[in-house]
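The block underneath contains the structure these notes are about, expressed in structure tokens.
Rule-based calculations on the coordinates, nothing more; no lab input. Here the structure is a predicted model, which is why all the values come from computation and not from measurement. Every residue, glycine among them, receives a Cβ derived from its backbone with ideal geometry; neighbour counts consider all protein chains shown.
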Amino acid sequence: ATNRLRQASARSRSKHLFDRAKGVFTDGTTRASVERDPFPIYAQRGEGAYLVDVDGNRLLDLNNNFTTLIHGHGFAHVSEAVVDLLRLGTCFANPTEHEIALAELLTARIPAMERVRFVNSGTEAVMFAIKAARAFTARPAIARIEGAYHGAYDWAEAGQGVSPGKDGWDPIPIPTPTYRGTPSSVADEVHLLRFNDVEGLERRLSAASDRIACVLIDPMPSRAGLLHPEPTFIEALSETAHKYGILIVADEVLNLRQGYAGASPRYGLKPDLVTAGKIIGGGFPIGAIGGREEVMRVFGTENAQPLLPQGGTFSANPVSMAAGLAAMEAMTPDAFDRLEAMGERLRAGLRASIASRDARFSVTGAASLFRIHPKRVAPLEYRDAHLSAEEAWIMRTMSRYFLEAGILLPYGAAACLSTPMVHSDIDRILSAFDEFLEAKIG
Ligand code: PLP
């Protein structure tokens, strides 16, 4: 039986906090991507796979701070490393051994990361990867996948919001800046590619090949649909980019959690630069840019002058470094395998429910990640995954239904498992989904 949430009064503190927050935050909260209708669920603490809200409800957390917490909440190994460090100080202008240890772990595991630099967020990591590609190639533009999310750097966000318009999709997508106020000139230096569109690759890259520094690609773009890459697409992308001297930047800020060596090797992608974030900080702010030694040399000096200056007051701060090291050390190949097996079981179970009820849903994802779509056929590109107003309503309703069953399920984004989860947690997710389908909402 599902652990039904106690009714309305059981969320009175969250409601009260939201009323208070509206006095200080535009729109009521800084946490942009959480449900706020009628009010967000305010977190009080975390306990392994569970988040406990301010009203004392225990919720199975499939958000894990936007896929960051691969060990769930309050992982002892991380907490102990951080507490030890706090006694010694939290940040210094001087480097510490902690940054070397985390860099050694990442370069040993991730084939494309011969050299690394640390920053404080995935947004910054993508920004510096783009700057590095521009510095290395002496070209100004980038190409990126329509609909994918790569953080808030101007050139990385343009093209995230391609819209179907009134008469269906434009045959050539227009990289409209997503955020109000981004100069329209940014879009002139952003070329959009459709995910899994082999045929369009050559046409789109050749049209501006001498201006494009890099293709920015998440091997399984989550916002665009947590899309499965077709091997032929990855192969064609590699060939075409190579032919035109365009670098490949794999944005693994989210998908690094797919395996011990990250996501690219799983799909045969051999990037020149890789960005990481989320899980590598153990729950603390982090980002990393890594890549081929030859390309990463742009961060070095020439005649004592920095080529591409990259700093940051809190970059490589020892707290994030030590927390990240503790979290990543615990992610052994066995730990990844166990999460993957649970993920496989979950996705297979969701698909079995859909098939047995002949429901208009599909599931994508790999390893510990999954996303449910209100679409009969699993999307291959953003245009397939894009939700109509009615479909968006179905997904929000599903998310609310899960909340009533004591499960936090993000919608329009990747959901994920964490290492403290056990098979009975998977059973709970499966029965909540099956009950939702039985209720025939949508
Ligand atoms: N790139 C990808 C693929 C992401 O999923 C995200 C965040 O969700 C980012 C970049 C931005 O990372 P951050 O939120 O740490 O700035």
Filtered pair list for the chain (Lys only, Cα < 26 Å, 8 or more apart or interchain) has a length of 7
Expressed as a percent, the portion of alpha-carbon pairs in the chain spaced more than 33 Å apart is 36
In order over segment 406-416: 3J(HN,Hα) from phi, Karplus 6.51/-1.76/1.60, θ = phi - 60°, whole Hz, x for each Gly or Pro, gives x, 10, 8, 10, x, 10, x, 7, 6, 9, 8
Ranking LEU325, TRP393, ALA415 by how far each Cα lies towards the positive end of the charge dipole of segment 276-421 (+1 on Lys and Arg Cβ, -1 on Asp and Glu Cβ), the top one is TRP393
Taking segment 77-329, the equivalent ellipsoid from its C-alpha gyration tensor has semi-axes in Å, biggest first, of 32, 19, 18
Summed over the other residues with a beta carbon less than 10 angstrom from that of LEU380, with K and R at +1 and D and E at -1, the charge totals -2
Residue-ordered couplings for segment 141-147, obtained by feeding phi - 60° into the Karplus form 6.51 cos²θ - 1.76 cosθ + 1.60 and rounding to whole Hz (Gly and Pro as x), are 9, 10, 10, 8, 8, 4, x
Listing VAL298, VAL116, VAL215, VAL198 by rising number of other beta-carbon atoms within 10 angstrom, fewest first, gives VAL198, VAL298, VAL116, VAL215
